[in-house]
Amino acid sequence: MQAVAAELVASGCKLTFNVFSSPVGYAGPLRHDRESLLTTRKAMIALLKQYPEHVLFSIYNAVAHTSEKALHDLYNCSYPRCNPSQDIGLGRSFRQYRTDLNWDRSVACCVPDTDCDDCRHYAAGSAVVTARLYRHVGSLQAFKSWLDYVDTYLAVWVMGYDKGENLCREEIEPPPVVRRR
Ligand code: SF4
């Protein structure tokens, strides 16, 4: 990562990170464990600090994508494979129609062959973490972290949107689900 980042920065490019997520049934050596996730997180944060003008990421992005729990366990994935809800939202509206016009909820997300228990994809997080605003309003650091995540998402996906300065410089734990009374 260091060598690649240095090349990109020298050429005036921006960069961001994605995290390998195991396909269903894969148990080979590329599957992350606690140690590899920690190493990945440290490398991401080090490069973010080293090249703040070039790295489109935040500390909370690193936390969300390298925690021992994957995205679904941390935030409850909104895509139909994991979300049977018929309320307004992705569980109701996200559809992938096949050539025979069938639709299969059990494979309905952007990365349908990924093992949900190990899903740390960039694109998945951009929908799943951003949808959980209400979990991030319990503390100033959590809210700042969520804003950093959304700011990063917009800078990566929206042409002409410039990333602002990150607001939270601490690693926070992703807030748990808020139970309504
Ligand atoms: S693979 Fe990821 S994005 Fe797709 S349903 Fe599973 S947890 Fe959600």
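The values are calculated or read from the model by the stated rules, or taken from the named source; none is laboratory data. In this text, all values refer to a predicted model and were calculated from it rather than measured experimentally. Quick reminder, even Gly has a Cβ in these numbers, built from the backbone with ideal geometry, and neighbours come from all protein chains shown.
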(message) Every residue in the stretch 19-36 that is surrounded by 12 or more Cβ atoms within 10 Å (Cβ to Cβ) and either out of contact with any His (no Cβ under 9 Å at 6 or more places or on another chain) or not hydrophobic (A, V, I, L, M, F, W, C) (or both), please.
(response) Ser21, Ser22, Pro23, Val24, Tyr26, Arg31, His32, Ser36
(message) When the residues of the stretch 125-164 are narrowed to those that are of a type in the set (Gly, Ala, Ser) and under 18 Å from Leu15 (Cα atoms), which ends up surrounded by the most Cβ atoms within 10 Å (Cβ to Cβ)?
(response) Gly125
(message) I'm told Arg31 meets every condition in (1) on the phi > 0 side of the Ramachandran plot; (2) of a type outside the set (S, T, N, Q); (3) at pLDDT 95 or above except one. Can you identify the failing condition by its number?
(response) (1)
(message) Here is a check on your reading of the model: is Ala131 touching a Gly at 6+ places or on another chain (Cβ under 9 Å) and not in a loop (DSSP other than H, G, I, E, B)?
(response) yes
(request) Taking only the stretch 25-58 into account, find how many residues are part of a helix (DSSP H, G or I), closer than 23 Å to Gly164 by Cα and among the aliphatic types (A, V, I, L, M). (result) 6
(request) Looking for whichever is among the polar types (S, T, N, Q) and either at pLDDT below 95 or in contact with a strand residue (DSSP E or B) (Cβ under 6 Å, 6 or more places away or on another chain) (or both) here; the options are Ser139, Ser106. Which one fits? (result) Ser106
(request) Inspect all residues belonging to the stretch 13-24 and state whether any of them is away from the ligand (no atom under 16 Å from the Cβ), on the phi < 0 side of the Ramachandran plot and not in a loop (DSSP other than H, G, I, E, B). (result) yes
(request) State whether the residues of the stretch 52-72 include one that is within 14 Å of the ligand (Cβ to nearest atom) and on the phi > 0 side of the Ramachandran plot. (result) no
(request) Among the residues of the stretch 37-50, count how many are in contact with a strand residue (DSSP E or B) (Cβ under 8 Å, 6 or more places away or on another chain) and surrounded by fewer than 19 Cβ atoms within 10 Å (Cβ to Cβ). (result) 0
(request) Quick one: count up the residues across the stretch 84-122 that are surrounded by 12 or more Cβ atoms within 10 Å (Cβ to Cβ), more than 8 Å from the ligand (Cβ to nearest atom) and closer than 27 Å to Asp151 by Cβ. (result) 7
